[in-house]
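Take a look at the structure below.
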Amino acid sequence: QVQLVESGGGLVQPGGSLRLSCATSGIMFSIYIMGWYRQAPGKQRELVAIMFSGGLTNYADSVKGRFTISRDNAKNTVYLQMNSLKPEDTALYYCKAMLGGREYWGQGTQVTVSS
C-alpha cells in the first residue's frame with residue numbers, strides 16, 4: 001500500500017520559515033519524481049517545486065529563491081524548505097509521487113502565513 005504523509009505545516013509570521021516533510025512508503029522512492037503542490041482557498045492546485053530522481057529541480061516563479069526542495073532517498077522522504085514566507089504562500093501543501101502513468105498524493109499539510 002502506497003502512503004505519502006506530509007508534516008511540518010503550521011502558522012508562521014511573514015518572513016518566517018517552515019520545513020515540510022513528506023514521508024513515503026510502498027514505492028521505490030529513489031526512482032520517483034517528487035513534487036510539492038499547493039492549493040489556496042478558491043484557487044486551483046498549483047505546482048510549487050519538483051525534483052527528478054537525478055536531482056534536477058524546478059520551481060514556480062513565485063517561490064524561486066525562497067523555497068528549496070530536497071530528498072533523502074535513504075529515508076524515502078522529500079522536503080520543502082520555505083523561507084521568507086509571505087501571506088500569499090498560505091495554502092494546503094501536498095506532496096506527489098510520479099512515475100510513468102502512476103501518481104500518488106498525500107493528504108496535505110496546512111501552511112498559514114499571518115501576523
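The values are calculated or read from the model by the stated rules, or taken from the named source; none is laboratory data. What you see is a predicted model; the values in this text were computed from it and never measured. With ideal geometry, Cβ positions are generated from the backbone for all residues, glycine too; neighbour counts draw on all protein chains shown. SASA here: full protein model, heavy atoms, side chains in, ligands and nucleic acids out. Shrake-Rupley method; radii C 1.70, N 1.55, O 1.52, S 1.80 Å.
Hey, can you tell me all the residues within region 58-91 that are of a type in the set (A, V, I, L, M, F, W, C) and more than 27 Å from S30 (Cβ to Cβ)? Please lay out each step first, then the result.
Of region 58-91, the ones of a type in the set (A, V, I, L, M, F, W, C) are 60, 63, 67, 69, 74, 78, 80, 82, 85, 91.
Within region 58-91, L85, A91 qualify.
Going by the conditions given, is G35 closer than 18 Å to Q110 by Cα and either over 15 Å from the mean Cα position of the chain (by Cα) or outside any loop (DSSP other than H, G, I, E, B) (or both)?
On the way: closer than 18 Å to Q110 by Cα: yes; either over 15 Å from the mean Cα position of the chain (by Cα) or outside any loop (DSSP other than H, G, I, E, B) (or both): yes.
For G35, the condition - closer than 18 Å to Q110 by Cα and either over 15 Å from the mean Cα position of the chain (by Cα) or outside any loop (DSSP other than H, G, I, E, B) (or both) - is met.
Would you pick out the residues in region 60-91 that are without any contact (Cβ under 8 Å) to a residue 40 or more places away in the chain, of a type in the set (A, V, I, L, M, F, W, C) and open to solvent by less than 60 Å² (accessible area, probe 1.4 Å)?
A60, V63, F67, I69
Assuming S115 fulfils every condition listed in (1) of a type in the set (S, T, N, Q); (2) under 24 Å from P14 (Cβ atoms); (3) within 15 Å of the chain's Cα centre (by Cα) apart from one, which condition is it?
In the conditions (1) of a type in the set (S, T, N, Q); (2) under 24 Å from P14 (Cβ atoms); (3) within 15 Å of the chain's Cα centre (by Cα), S115 misses (3) alone.
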